[in-house]
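I have placed the structure first, in the form of structure tokens, so that the comments after it can refer back to it.
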Amino acid sequence: MTSSRMERLAAYTFRLLDGCGEVEDETGVNFGHPDHAIRYARDVVHELMRNRELETRSWRLDVYENGDGPICTIPFASIDPTLDHLVPNLRTMVEGMSERQRLFKEALHAAGATVQESRALVARSRGKPYLASRFGRSTIRD
């Protein structure tokens, strides 16, 4: 293969947003073209969604190239096969509502984290025990 035909490998990482936090892929996968990474991400979405479409419809998977900003965001509702029977207007409404549902869950999650942090700060200031971490993350943010 000549150098002009060789594909440049890039590291692609992924971030899953489910409304209750996020899961980041720190390892990543190497691909020669962004389209391959996006196709891979779509396959991952289908696998995560399989037989749980309603539960996962509000989730989103972001694709990053070499740690830069996202090159693609894939809302699960946008490729949910159980919505294929809907007319385009109705499908667009369901996709929009799914996005708003995830954003609402994120706001509730952030509010809960703020309440936990406030309680921990008050307890620490009074010399009382407090929850130092939850789900591997410090209760008191830096």
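Note on segment 116-139: residues that are over 27 Å from GLU22 (Cα atoms) and among the hydroxyl-bearing types (Ser, Thr, Tyr) amount to 1.
Exactly one residue among ARG124, ARG141, ARG119, ARG100 is surrounded by fewer than 13 Cβ atoms within 10 Å (Cβ to Cβ), among the basic types (Lys, Arg) and not in a loop (DSSP other than H, G, I, E, B), and that residue is ARG100.
Among the residues in segment 35-57, are any over 16 Å from GLN101 (Cα atoms), at pLDDT 90 or above and touching a Lys or Arg at 6+ places or on another chain (Cβ under 7 Å)? Looking for residues that are over 16 Å from GLN101 (Cα atoms), at pLDDT 90 or above and touching a Lys or Arg at 6+ places or on another chain (Cβ under 7 Å), one finds none in segment 35-57, hence no. Mind checking which pairs have a first residue in segment 58-76 that is of a type in the set (A, V, I, L, M, F, W, C) and a second that is assigned to a strand (DSSP E or B) and open to solvent by 50 Å² or more (accessible area, probe 1.4 Å), Cβ under 7 Å, 6 or more apart or different chains? Close Cβ pairs (under 7 Å, with a partner that is assigned to a strand (DSSP E or B) and open to solvent by 50 Å² or more (accessible area, probe 1.4 Å)) amount to VAL63/PRO70; VAL63/ILE71.
Of all residues in segment 29-67, which are β-branched (Val, Ile, Thr) and either open to solvent by 60 Å² or more (accessible area, probe 1.4 Å) or over 14 Å from the mean Cα position of the chain (by Cα) (or both)? Quick ask: steps written out before the conclusion?
Within segment 29-67, the first condition is being β-branched (Val, Ile, Thr), and the residues that meet it are 29, 38, 44-45, 56, 63.
Those that are β-branched (Val, Ile, Thr) and either open to solvent by 60 Å² or more (accessible area, probe 1.4 Å) or over 14 Å from the mean Cα position of the chain (by Cα) (or both): VAL29, ILE38.
Which condition does PHE135 not pass, out of (1) over 20 Å from GLU24 (Cα atoms); (2) of a type outside the set (Gly, Ala, Ser); (3) open to solvent by 50 Å² or more (accessible area, probe 1.4 Å); (4) under 19 Å from the mean Cα position of the chain (by Cα), if it passes all the others? Going through the list (1) over 20 Å from GLU24 (Cα atoms); (2) of a type outside the set (Gly, Ala, Ser); (3) open to solvent by 50 Å² or more (accessible area, probe 1.4 Å); (4) under 19 Å from the mean Cα position of the chain (by Cα), PHE135 breaks only (1).
Within segment 86-97, how many residues turn out to be closer than 23 Å to GLU47 by Cα and either in contact with a helix residue (DSSP H, G or I) (Cβ under 9 Å, 6 or more places away or on another chain) or surrounded by 15 or more Cβ atoms within 10 Å (Cβ to Cβ) (or both)? Give the derivation first.
Taking segment 86-97 as the starting set, the residues that turn out to be closer than 23 Å to GLU47 by Cα are 86, 91-92, 94-97.
Subset that is either in contact with a helix residue (DSSP H, G or I) (Cβ under 9 Å, 6 or more places away or on another chain) or surrounded by 15 or more Cβ atoms within 10 Å (Cβ to Cβ) (or both): 86, 91, 94-97.
Number of matching residues: 6.
This table checks each residue for (1) β-branched (Val, Ile, Thr); (2) assigned to a helix (DSSP H, G or I).
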| position | (1), (2) |
| --- | --- |
| ARG8 | no, no |
| ARG15 | no, no |
| VAL23 | yes, no |
| ASP35 | no, yes |
| ALA41 | no, yes |
| VAL45 | yes, yes |
| GLU55 | no, yes |
| TYR64 | no, no |
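The values are calculated or read from the model by the stated rules, or taken from the named source; none is laboratory data. This structure is a prediction, so every number in the text was calculated from the model and none was measured. With ideal geometry, Cβ positions are generated from the backbone for all residues, glycine too; neighbour counts draw on all protein chains shown. In case anyone asks, the SASA skips ligands and DNA or RNA and just uses the protein heavy atoms, side chains included. Shrake-Rupley method; radii C 1.70, N 1.55, O 1.52, S 1.80 Å.
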